[in-house]
Amino acid sequence: MKQNMKRMLLVLCMAVCFFALSACGSASEEAVEPISPEIEQTMSDGAKSYLEQFASYSDEDLAAQLKQAEKQKNTVIESAISSWTSSKDDLGKMGEVQSVTVERADDDSYTAVVQASFEKRDLTFSLTAEESVSSYGGTSLVPTELSFVVNYSFGEKMEKAALNTLMGMGTVFLVLIFISLIISSFKKVNEIEANVKAKKAGAEAINQSDVPAEDRLSDHIYYFSRIQGCLYLPPSSTTTLYSGADGTVNPQ
């Protein structure tokens with residue numbers, strides 16, 4: 001019983017320590033330096049201005065702005081134009097700005113989040129800027145990221161997820177069918193190769209059968225006479241004969 005009580009006390013102590021640490025962590029997070037009203041107002045006005053400016057652009061204006069950004073190598077504006085171009089067809093005309101919140105992203109960075117209503121759907125626009133010191137000693141906010149996120153409904157998200165799943169499964173099945181067709185074609189390749197070899201052998205047999213019997217017989221006679229000529233030794237004027245018993249040689 002005493003051991004069980006000790007275990008319960010140990011568990012309670014660990015729980016108290018855990019909550020105390022989490023409270024310390026939250027207290028340290030709350031100790032972040034507050035944003036000055038000037039920066040908050042600048043970020044809020046800049047985010048609304050950027051959003052209204054992008055919403056007023058036509059396709060020709062976007063193309064011109066993109067070309068200018070590429071020329072100046074302004075990757076922030078390039079990414080923003082690409083994000084807006086992929087989102088604007090799902091939004092329609094701009095309605096009104098519903099809310100703007102500014103928060104600190106880092107020691108020298110701030111993020112303004114704009115909630116705006118459009119003709120078809122709502123939009124969440126985020127502007128992130130970094131505080132920079134200019135050459136003359138002043139400070140300015142330089143945009144580092146602009147993002148447009150369309151707020152789709154739950155049904156639309158599920159529909160897109162289902163379509164993506166179907167497209168992925170369809171792609172996998174098509175690849176498998178293509179691989180099976182390639183594997184099955186190997187048999188046909190072997191059959192074609194065997195047919196080609198059989199045709200070549202048949203053609204050679206036909207070429208041999210096309211030769212007349214008289215020609216084949218004359219060829220045999222010719223080769224036989226050549227072999228006989230190689231074996232034939234013409235008699236010389238002197239023939240050497242060996243005697244039988246004494247081993248003397250008697251030329252004739």
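No value in this document is a laboratory result; all are computed from the given coordinates. Because the structure is a prediction, the values reported are computed rather than measured. Every residue, glycine as well, gets a Cβ built from its backbone with ideal geometry; the counts of neighbours run over all protein chains shown.
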Simple spin-label estimate for Ser82/Ser132, 7 Å along Cα→Cβ, in nm, reads 2.1
If each part is reduced to its alpha-carbon centroid, the range 156-181 and the range 81-118 end up apart, in Å, by 33
Of all GluC sites (Glu not before Pro) in the range 117-153, the ones in DSSP coil with at most 16 other Cβ atoms within 10 Å are Glu119
Those trypsin sites (Lys or Arg not before Pro) from the range 46-123 that are DSSP loop and have at most 10 other Cβ neighbours within 10 Å turn out to be Lys73, Lys93
1/(1 + (r/R0)^6) with r = Cβ-Cβ of Thr139 and Gln98, R0 = 30 Å, i.e. FRET efficiency to nearest 0.05, evaluates to 0.50
Chymotrypsin sites (Phe, Trp or Tyr not before Pro) in the range 137-191 lying in a DSSP loop, each with at most 14 other Cβ atoms within 10 Å of its Cβ, come to Tyr152
Cα-based Debye curve of the range 54-122 sampled at q = 0.18, 0.21 Å⁻¹ gives log₁₀ I(q)/I(0) of -0.85, -1.01
FRET efficiency (Asn164, Val196; Cβ distance; R0 45 Å; to 0.05) is 0.40
So for R0 = 22 Å, FRET eff. of Ser58-Val149 from the Cβ-Cβ r, to 0.05, ends up at 0.50
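Length gain on complete extension for the stretch Lys188 to Asp45, per 0.36 nm per residue less the alpha carbon to alpha carbon distance? Could you put the intermediate results ahead of the total?
Numbers: separation 143, 0.36 × 143 = 51.48 nm, distance 7.12 nm.
Here the answer is 44.4 nm.
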